[in-house]
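K.L.:
Below is the structure I would like to discuss, written out as structure tokens.
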Amino acid sequence: MKNIRQTNLKHVRLVVVKLGSAVLTDNGRLNVAFFTRFADEIAQLREQGYRFIVVTSGAVAAGLEALGFTTPPSTIPEKQACAAVGQLRLMRQYEQEFAFHDQVVAQVLLTADDIRNRRRYLNARNTLRALLGSGILPLVNENDTVVVREIKFGDNDNLAALLTSLAEVDLLLLLTDLDGVYDCDPKAAGEASLIPLIDEVDDEVTAFVCATKSALGTGGMLSKLEAARKAAAYGIPTVIANGRRPGVMARVLAGENEGTIFLPRANRLNCRQHWLAFAVEPCGSLYLDGGAVAALIERGTSLLPAGISRVEGDFGVGEPVSCRDLEGLEIARGLTTYSSSDIRKIAGLHSRKITNRLGYNAGDDVIHRDNLALL
Ligand code: GLU
């Protein structure tokens, strides 16, 4: 077991570490002792050569008191107001603690829209690279002021998972107030046992893991599993561990049996495919016959018009679409070479008939395999 961990963690240098509200706060206030310890531990690990991007929750929690709340408010604008106040306090706390180690920190606020938009995505990537290149510790949170439920990342677990490919990191470390993933809710049942290793997040795994939600966080265990699945698709491991335990990060990185490790997928997506698979919102769907599905999955080919049975939605050239089998199961996402109206005209045809039917030819494929991510 220790061997599997060490093999998977041996090459880790850059880590996204996500801190949930449950780790950062105590009785509705920032847990100052945690920040001190966290800064000490990060400083030590940096000396060993590790580099970090921190995804930090806790803004809403840190702002509650100032706005006169004892528990998170129910309306979204009130939560956003708490986050606006709390984000400042959160950053001040980090800055103060890291100053003892001469470690400069930076605030990076992102929204799901920023990641979806390829240009802003690349801008965020360049900024993070520049920060890391200057030895600065990026502290990332969702820009809560400008997003509501429908357009959020959903939770910071998801944001952290999307950052894995954006920043090309080697490990996703999710720190929470549980020791890892249990086979049932450890807070409710006495019998729960910790699962040390999960090699694939499939339906079976999600079915037996209960969605245990802490009062302040938004994620819960299911969103962490989803984040681990996304990191695995990018080809890196995830560890879920208890952030309240002193020294937990060092033990995880040393390959000790700490928390739950999720193994990476062998056929990894590259950065662009990862972005396509998980960050973009498809504008429509292409339904493929059995031959095309097999060609995509088994032979890694481009999608040709001949294999398309049906087109759903209206989209232009270069927009993201889902590729589905005839039952509607999504098997891939990609950027199209033709608009939806033109694909409707050439669906089912051999590629050599494209010019004849459309009066032009932008390529023999409807989605080139460089623009395709298998799910
Ligand atoms: N952005 C939220 C905050 O800082 C947290 C979201 C989450 O925990 O997933 O309070």
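The values are calculated or read from the model by the stated rules, or taken from the named source; none is laboratory data. Computed from a prediction, not measured in an experiment: that's the story for all the values here. Methodologically, a virtual Cβ is constructed for each residue, glycine included, from the backbone with ideal geometry; neighbour enumeration extends over all protein chains shown.
K.L.:
Looking only at the range 248-268, how many residues end up being aliphatic (A, V, I, L, M), within 18 Å of the chain's Cα centre (by Cα) and buried (at least 21 other Cβ atoms within 10 Å of the Cβ)?
P.N.:
1
K.L.:
Among (1) within 16 Å of the ligand (Cβ to nearest atom); (2) surrounded by 15 or more Cβ atoms within 10 Å (Cβ to Cβ), where does residue 77 come up short?
P.N.:
Of (1) within 16 Å of the ligand (Cβ to nearest atom); (2) surrounded by 15 or more Cβ atoms within 10 Å (Cβ to Cβ), only one is false for residue 77: (2).
K.L.:
Moving on to the next point. Taking the condition on the phi > 0 side of the Ramachandran plot and surrounded by 14 or more Cβ atoms within 10 Å (Cβ to Cβ), does residue 28 pass?
P.N.:
On the way: on the phi > 0 side of the Ramachandran plot: yes; surrounded by 14 or more Cβ atoms within 10 Å (Cβ to Cβ): yes.
So residue 28 passes the test.
K.L.:
With respect to residue 51, determine if the residue is away from the ligand (no atom under 15 Å from the Cβ), in contact with an Asp or Glu (Cβ under 6 Å, 6 or more places away or on another chain) and farther than 21 Å from residue 179 by Cα. If you could, list the steps in order and put the result at the bottom.
P.N.:
Details: away from the ligand (no atom under 15 Å from the Cβ): yes; in contact with an Asp or Glu (Cβ under 6 Å, 6 or more places away or on another chain): no; farther than 21 Å from residue 179 by Cα: yes.
Taking the combined requirement at face value, the residue does not satisfy it.
K.L.:
Out of all the residues in the range 330-356, which are outside any loop (DSSP other than H, G, I, E, B) and among the hydroxyl-bearing types (Ser, Thr, Tyr)?
P.N.:
Selection gives 340, 341, 351, 355.
K.L.:
Looking at (1) in contact with a strand residue (DSSP E or B) (Cβ under 6 Å, 6 or more places away or on another chain); (2) surrounded by 22 or more Cβ atoms within 10 Å (Cβ to Cβ); (3) of a type in the set (Gly, Ala, Ser); (4) more than 13 Å from residue 373 (Cβ to Cβ), find the lone condition where residue 334 falls short.
P.N.:
Evaluating residue 334 over (1) in contact with a strand residue (DSSP E or B) (Cβ under 6 Å, 6 or more places away or on another chain); (2) surrounded by 22 or more Cβ atoms within 10 Å (Cβ to Cβ); (3) of a type in the set (Gly, Ala, Ser); (4) more than 13 Å from residue 373 (Cβ to Cβ) leaves (4) as the failure.
K.L.:
Among (1) farther than 21 Å from residue 161 by Cα; (2) in contact (Cβ under 8 Å) with a residue 60 or more places away in the chain, where does residue 323 come up short?
P.N.:
With respect to (1) farther than 21 Å from residue 161 by Cα; (2) in contact (Cβ under 8 Å) with a residue 60 or more places away in the chain, residue 323 is out only on (2).
K.L.:
Name the residue that is modelled with the lowest pLDDT, counting only residues in the range 147-168 that are away from the ligand (no atom under 12 Å from the Cβ) and out of contact with any helix residue (DSSP H, G or I) (no Cβ under 7 Å at 6 or more places or on another chain). Give the steps one after another, and end with the answer.
P.N.:
Pass one, the range 147-168, residues away from the ligand (no atom under 12 Å from the Cβ): 148, 150-151, 162-168.
The next check asks that each one be out of contact with any helix residue (DSSP H, G or I) (no Cβ under 7 Å at 6 or more places or on another chain); those that pass are 150, 163.
On the way: 150: 71, 163: 97.
Selected residue: 150.
For (1) of a type in the set (Ser, Thr, Tyr); (2) outside any loop (DSSP other than H, G, I, E, B); (3) on the phi > 0 side of the Ramachandran plot, each residue gets a yes or a no:
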position: 246; (1), (2), (3): no, no, no
position: 255; (1), (2), (3): no, no, yes
position: 264; (1), (2), (3): no, no, no
position: 283; (1), (2), (3): no, no, no
position: 295; (1), (2), (3): no, yes, no
position: 309; (1), (2), (3): yes, yes, no
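K.L.:
Whether any residue in the range 9-16 is among the basic types (Lys, Arg), within 16 Å of the ligand (Cβ to nearest atom) and over 19 Å from the mean Cα position of the chain (by Cα) is what I want to check. Working first, answer last.
P.N.:
Just the residues of the range 9-16 that are among the basic types (Lys, Arg), to begin with: 10, 13.
With the extra rule that they be within 16 Å of the ligand (Cβ to nearest atom), the set shrinks to none.
Scanning the range 9-16 turns up no residue that is among the basic types (Lys, Arg), within 16 Å of the ligand (Cβ to nearest atom) and over 19 Å from the mean Cα position of the chain (by Cα).
K.L.:
Then there is this: Kindly evaluate residue 327 against the criterion of being over 30 Å from residue 114 (Cα atoms) and assigned to a loop (DSSP other than H, G, I, E, B). Don't jump to the end; show me each part of the working.
P.N.:
Numbers: over 30 Å from residue 114 (Cα atoms): yes; assigned to a loop (DSSP other than H, G, I, E, B): yes.
For residue 327, the condition - over 30 Å from residue 114 (Cα atoms) and assigned to a loop (DSSP other than H, G, I, E, B) - is met.
K.L.:
Counting just the residues of the range 225-271 that are touching a Ser or Thr at 6+ places or on another chain (Cβ under 7 Å) and at pLDDT below 95, which one comes out farthest from residue 37 (Cα to Cα)?
P.N.:
The residue in question is 271.
K.L.:
A further question on this structure: Would you check which residues across the range 122-146 are among the hydroxyl-bearing types (Ser, Thr, Tyr) and more than 16 Å from the ligand (Cβ to nearest atom) and list them? Even if it seems obvious, please write down each step before you answer.
P.N.:
We begin by selecting, within the range 122-146, every residue among the hydroxyl-bearing types (Ser, Thr, Tyr); these are 127, 134, 145.
Passing the criteria: 127, 134.
K.L.:
Hey, another quick one. Check the range 101-111 and report whether any residue there is crowded, with 16+ Cβ neighbours inside 10 Å and part of a helix (DSSP H, G or I).
P.N.:
No, every residue in the range 101-111 fails to be crowded, with 16+ Cβ neighbours inside 10 Å and part of a helix (DSSP H, G or I).
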